[in-house]
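The values are calculated or read from the model by the stated rules, or taken from the named source; none is laboratory data. In this text, all values refer to a predicted model and were calculated from it rather than measured experimentally. Please note: Cβ atoms are built from the backbone with ideal geometry, for glycine as well, and neighbour counts cover all protein chains shown.
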Amino acid sequence: MIGIVGYGSYLPRYRIKVDEIAREWGADPDSIKRSLLLYEKTVPALDEDTITISVEAAKNALRRAQIDPGAIGAVYIGSESHPYAVKPSATVVIEALGIGPAVHAASYEFACKAGTEAMYVGYSLVKAGEVKYALAIGADTSQGAPGDALEYSASAGGTAFIIGSERVAAEILETFSFTTDTPDFWRREGEFYPRHAARYTGEPAYFKHILGAGQGILKKSGLTPKDFQYAVFHMPNGRFPQQVGKQLGFTKEQLEAGWIVPWMGNTYSGSSPTGLSAILDVAKAGDLIFMVSFGSGAGSDAFIFRVTEELERIQDRAPKVREMLEGGKIYLTYGQYAKFRRKIRMNN
Amino acid sequence: MPSPRYTRENPQRLHLEAAKCTKCGKISFPPRLLCPNCKGKEFQKVQLADEGKIVTYTVVRVASRAFSMETPYVVGIVELNDGVRLTTQIVDCAPEDVTIGKPVKLVFRRVQQEGNSGILEYGYKCRLV
Amino acid sequence: MRDVAVIGVGMTKFGELWGKSLRDIFVEAALAAIADAKVDHIDSMYVGNMSSGLFVEQEHLGAVLADYLGMGPIPATKVESACASGGAAFRQAVLEVASGASDIVLAGGVEKMTDSFDATAVLATAADQEYEAYYGVTFPALYAMIANAHMHRYGTTREQLAMVAVKNHENGSKNPNAQFRSLITIDDVLNSAPVADPLRLLDCSPVTDGAAAVIVCPMEIARQYTNSPVKVIASSQASDTIALHSRDDVTTLRAVAKAAERAYSMAGLKPENIDLAEVHDCFTIAEIVVTEDLGFFEKGSGGKAVELGWTQREGGKIPINTSGGLKSKGHPVGATGIAQIIELYEQLTGRAGERQVKDAHIGLAQNMGGSGASCVIHILQSV
């Protein structure tokens, strides 16, 4: 049996409300909140980045897995905001956690699904017998261009999974990936902000690929939506995951536990992984979980998990997603937010 | 700062590695060659505790250029549960919330960076519990 | 070891000396000291300086300044101990004369700070670079942490800190070489711009250019040069941990206490025998803590002592910083320790003008580096 033996998330404490961003740009906050079903998002402090978020999330995963970090044979971090363009985020995480040096490491990139890429590859290595444990992290501190629609949702956070074959808490039953060339959202090398193709990011991108991977994995596994207790999809806003869930045949109730985007925002590579983490915080033995990520460009990774009795033993060993979402929040003004996100031009 | 000088302190800054004197038990952080307490020369590698309390602190309002974007920020001396003291920033709170004696927990943060093209420098800070 | 005397002194004005270079100011002070001592040659020279490399990108100061001074191919050495560089340079000069190796030695100090636009970062190199400054600790922050601990444990108040600055400005207003000669009030201090809580701008010594120099020689030939030589009856130095966090008690400066113990022992004196003292008030809290560790007041009551007027120039039990201290006179880092010796010399020879303390016979100079990681103390006596 191969699957998740430890999981952990990290969300920064700072927040900014949709109201505050709308006020800055002279937009109507109520219509934005209605259309996006999003109210506030997480903001990384000046001293936080994908690497620091990955370290904290991985520490929580280790608290749950209770394994010797030295037994981890691969560390993969998926992000679209790696602090270095050349130098993998994983090397710092390795030193911070006491992993290695006999370890394989890599950075993954595929817009918002880079985290599930790390999960898929980590899982495959354990399955192939190459490594005993793999650490897969999806984390981001993405930028939304000032005044752009994505500024309301682009947030920061991440989740780490330790994948192995002993004391598995959530077995990975099935995986399926679906990829086409679809330039719905991208960032050219050297540019500071990404760009997107407006409504083209909807049906031809998000929906097409989640449906493609979702239907693909259902067919491959022979399961139907009603077999599942929980479902989580990539969450660019509050509305899209509810719509695609419905199109695939899932109910709102099945999405409830993982639907954290209205208060977290879109943590990009951390999005569906953190939704999964929120589900794992409450799931019980025997539960089936359906997960499909989406990364612009475009593609989706689908997973089916089955929870074991081990999950209940590890849930309380580290902070839970809802605790981090609700506790110790510090709200920022737009000016503070712009400073934290380094949107203000300074002398070098 | 130059890469060699930065990475030499990695075991300490990233992983809290310290040296415990095998003769008298005093923990030196960072590790040393001679125990300042008993002049012993043999040490055991240990990792520092990650919780402690505030011994003293201040709110920095005028900083050097490297930290000028961050003011006001809180720096303090923290005594960890294993008796080791270190100097660090106290983050994710309003300066007014900090008082001597409050418990804290260490967190991993980016401490400095060399402009737009230099290396990123990480280390430990702490948060009020 | 021979007895050593100071026979001449000289210094520049302390302040922002935009038009003068490091070489200019050092030579000006050195020539003034040489003229005051009426010597026609010097055997060797020590230059106290903390950071010429970072401030003006010039090292090898001994050679540079011996060259520009023009007193021949004498041995010349830069001495560095952060803010105690001047005191340390004086100590080296004293030892060289005491040992018999030289007869006429110049001890100078200089710092040219105003060319730099990140003096905070340069000064932070006196702290632990990897474990204090790395995290954004500045010099004001280190002393602010000492202040907070002192206030928390002993009830020292911000008003008492402010009184140190007020007193020192009052003294400095009578010092023609001082950087700031204005009088200030307690409210001025309390309302000045915050720097590192609880320290405000007027709790902190300034950024200053300046140079100072003294000439020392064996006591046995001093009267060939002056009718009023001043004898060095103690010279001591001590160190403490570089990082504030490595000390068990941040409200005490062990290097000061240790150097003081050695100095009093050398001179056969007790704290109550001292008539006046120049101490290292890099920040107002420093003066308070130092006066305790020098044994003038009980630990924890240094603030109360200031409040009761015990350190006033007129009527005080022990006048502290009659020169105006670092706060009002200015703090060109490497020069400060020498300037302290000069103030004692002027006081002990009756040349202190409006700042003159009556019956001043024994003076103590306490110079320290960093957050107290090094301390140099000298006791001088009029003969």
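For residues that are hydroxyl-bearing (Ser, Thr, Tyr), assigned to a loop (DSSP other than H, G, I, E, B) and within 11 Å of chain B (Cβ to nearest Cβ), tally how many sit in segment A:46-93.
Final tally of qualifying residues: 2.
Just a yes or no: is a residue in segment A:22-35 within 23 Å of A:Ala154 (Cβ to Cβ) and either at the interface with another protein chain (Cβ under 10 Å from one of its Cβ atoms) or touching a Ser or Thr at 6+ places or on another chain (Cβ under 6 Å) (or both)?
no
Let's see how each residue does on (1) aromatic (Phe, Trp, Tyr); (2) crowded, with 22+ Cβ neighbours inside 10 Å; (3) farther than 17 Å from C:Tyr143 by Cβ; (4) in contact with a Gly (Cβ under 7 Å, 6 or more places away or on another chain):
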{"position": "B:Val60", "(1), (2), (3), (4)": "no, yes, no, yes"}
{"position": "B:Ala63", "(1), (2), (3), (4)": "no, yes, no, yes"}
{"position": "B:Ser68", "(1), (2), (3), (4)": "no, no, yes, no"}
{"position": "B:Ile77", "(1), (2), (3), (4)": "no, yes, no, no"}
{"position": "B:Arg85", "(1), (2), (3), (4)": "no, no, yes, no"}
{"position": "B:Asp92", "(1), (2), (3), (4)": "no, no, yes, no"}
{"position": "B:Pro95", "(1), (2), (3), (4)": "no, no, yes, no"}
{"position": "B:Val104", "(1), (2), (3), (4)": "no, yes, yes, yes"}
{"position": "B:Gly118", "(1), (2), (3), (4)": "no, no, yes, no"}
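Give the residue that is nearest to the other protein chains (Cβ to nearest Cβ), with candidates limited to residues of segment C:227-263 that are surrounded by 17 or more Cβ atoms within 10 Å (Cβ to Cβ), within 17 Å of C:Glu298 (Cα to Cα) and not hydrophobic (A, V, I, L, M, F, W, C).
C:Thr251
From the list A:Ala134, A:Ala170, A:Ala149, which one is closer than 30 Å to A:Asp47 by Cα and in contact with a Ser or Thr (Cβ under 9 Å, 6 or more places away or on another chain)?
Testing whether each residue is closer than 30 Å to A:Asp47 by Cα and in contact with a Ser or Thr (Cβ under 9 Å, 6 or more places away or on another chain) leaves just A:Ala134.
List every residue pair whose Cβ atoms lie under 7 Å apart, where the two residues are 6 or more positions apart in sequence or sit on different chains, the first residue falls within segment C:59-78 and is surrounded by 14 or more Cβ atoms within 10 Å (Cβ to Cβ), and the second residue, located anywhere, is among the aromatic types (Phe, Trp, Tyr) and at pLDDT 95 or above.
Qualifying pairs under 7 Å: C:Leu65/C:Phe26; C:Thr77/C:Tyr46.
Taking A:Arg345 as the residue in question, decide whether it is among the charged types (D, E, K, R), part of a helix (DSSP H, G or I) and either touching a Pro at 6+ places or on another chain (Cβ under 9 Å) or surrounded by fewer than 14 Cβ atoms within 10 Å (Cβ to Cβ) (or both).
no
Working only within segment C:271-299, note down all residues that are small (Gly, Ala, Ser) and over 15 Å from C:Glu159 (Cα atoms).
C:Ala277, C:Gly295
Is it the case that segment C:179-196 has a residue that's buried (at least 22 other Cβ atoms within 10 Å of the Cβ), more than 25 Å from C:Glu16 (Cβ to Cβ), touching a strand residue (DSSP E or B) at 6+ places or on another chain (Cβ under 9 Å) and at pLDDT 95 or above?
No, because not a single residue in segment C:179-196 is buried (at least 22 other Cβ atoms within 10 Å of the Cβ), more than 25 Å from C:Glu16 (Cβ to Cβ), touching a strand residue (DSSP E or B) at 6+ places or on another chain (Cβ under 9 Å) and at pLDDT 95 or above.
With the structure loaded, tell me whether A:Gly8 is touching a helix residue (DSSP H, G or I) at 6+ places or on another chain (Cβ under 6 Å), among the small types (Gly, Ala, Ser) and either buried (at least 23 other Cβ atoms within 10 Å of the Cβ) or within 13 Å of chain B (Cβ to nearest Cβ) (or both) or whether it fails that test.
Answer is yes for this residue.
For B:Arg110, indicate whether it is within 11 Å of chain A (Cβ to nearest Cβ) and crowded, with 16+ Cβ neighbours inside 10 Å.
yes
Taking the conditions exactly as written (within 14 Å of chain C (Cβ to nearest Cβ), without any contact (Cβ under 8 Å) to a residue 24 or more places away in the chain and either touching a strand residue (DSSP E or B) at 6+ places or on another chain (Cβ under 9 Å) or aromatic (Phe, Trp, Tyr) (or both)), does B:Pro31 satisfy them or not? If you could, list the steps in order and put the result at the bottom.
Numbers: within 14 Å of chain C (Cβ to nearest Cβ): yes; without any contact (Cβ under 8 Å) to a residue 24 or more places away in the chain: yes; either touching a strand residue (DSSP E or B) at 6+ places or on another chain (Cβ under 9 Å) or aromatic (Phe, Trp, Tyr) (or both): yes.
So B:Pro31 fits the description; yes.
Of all residues in segment C:10-60 being outside any helix (DSSP H, G or I) and hydroxyl-bearing (Ser, Thr, Tyr), which is farthest from C:Glu111 (Cα to Cα)?
The extreme case among them is C:Ser44.
So, B:Pro72, is that one under 30 Å from A:Tyr337 (Cβ atoms), within 14 Å of chain C (Cβ to nearest Cβ) and not acidic (Asp, Glu) or not?
Working: under 30 Å from A:Tyr337 (Cβ atoms): yes; within 14 Å of chain C (Cβ to nearest Cβ): yes; not acidic (Asp, Glu): yes.
Against the criterion (under 30 Å from A:Tyr337 (Cβ atoms), within 14 Å of chain C (Cβ to nearest Cβ) and not acidic (Asp, Glu)), B:Pro72 qualifies.
Quick check on segment C:114-157: of everything there that is among the acidic types (Asp, Glu) and touching a residue at least 60 places away in the same chain (Cβ under 8 Å), which residue is farthest from the other protein chains (Cβ to nearest Cβ)?
Ranking the qualifying residues of segment C:114-157, first place goes to C:Asp115.
State which residue is nearest to the other protein chains (Cβ to nearest Cβ) when the search covers only segment B:87-107 and only residues that are touching a residue at least 24 places away in the same chain (Cβ under 8 Å) and acidic (Asp, Glu).
So the residue we want is B:Asp92.
Does segment B:114-125 include one or more residues that are more than 11 Å from chain C (Cβ to nearest Cβ), hydroxyl-bearing (Ser, Thr, Tyr) and not in a strand (DSSP E or B)?
Scanning segment B:114-125, I find at least one residue that is more than 11 Å from chain C (Cβ to nearest Cβ), hydroxyl-bearing (Ser, Thr, Tyr) and not in a strand (DSSP E or B), so the answer is yes.
Hey, which of the strands (runs of 3 or more DSSP E) in segment B:1-80, taking only ones fully inside, have at least 3 residues that are β-branched (Val, Ile, Thr) and under 30 Å from C:Ala193 (Cβ atoms)?
Passing ranges, in order: B:51-60, B:73-80.
Here is a yes/no grid of residues against (1) without any contact (Cβ under 8 Å) to a residue 24 or more places away in the chain; (2) of a type in the set (A, V, I, L, M):
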residue: A:Glu166; (1), (2): no, no
residue: A:Ser177; (1), (2): no, no
residue: A:Gly202; (1), (2): no, no
residue: A:Tyr206; (1), (2): no, no
residue: A:Ile210; (1), (2): no, yes
residue: A:Gly222; (1), (2): yes, no
residue: A:Asp227; (1), (2): no, no
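Inside segment C:232-317, counting only helices (runs of 4 or more DSSP H) that do not spill past its ends, which hold 3 or more residues that are among the acidic types (Asp, Glu) and closer than 29 Å to C:Val195 by Cβ?
Because the criterion is at least 3 residues that are among the acidic types (Asp, Glu) and closer than 29 Å to C:Val195 by Cβ, the helices (runs of 4 or more DSSP H) in segment C:232-317 that meet it are C:284-293.
With respect to B:Glu51, determine if the residue is over 30 Å from A:Arg342 (Cα atoms) and more than 13 Å from chain C (Cβ to nearest Cβ). Break it down into steps so the answer makes sense when it comes.
Details: over 30 Å from A:Arg342 (Cα atoms): yes; more than 13 Å from chain C (Cβ to nearest Cβ): yes.
When the stated conditions are applied, B:Glu51 passes them.
Does at least one position in segment C:148-162 carry a residue that is modelled with pLDDT of 95 or more, part of a helix (DSSP H, G or I) and within 25 Å of C:Met50 (Cα to Cα)? Spell out the reasoning first.
Just the residues of segment C:148-162 that are modelled with pLDDT of 95 or more, to begin with: C:148-162.
Keeping just the survivors that are part of a helix (DSSP H, G or I) gives C:148-154, C:158-162.
Then drop every residue that is not within 25 Å of C:Met50 (Cα to Cα), which leaves none.
So far as segment C:148-162 goes, no, none of its residues is modelled with pLDDT of 95 or more, part of a helix (DSSP H, G or I) and within 25 Å of C:Met50 (Cα to Cα).
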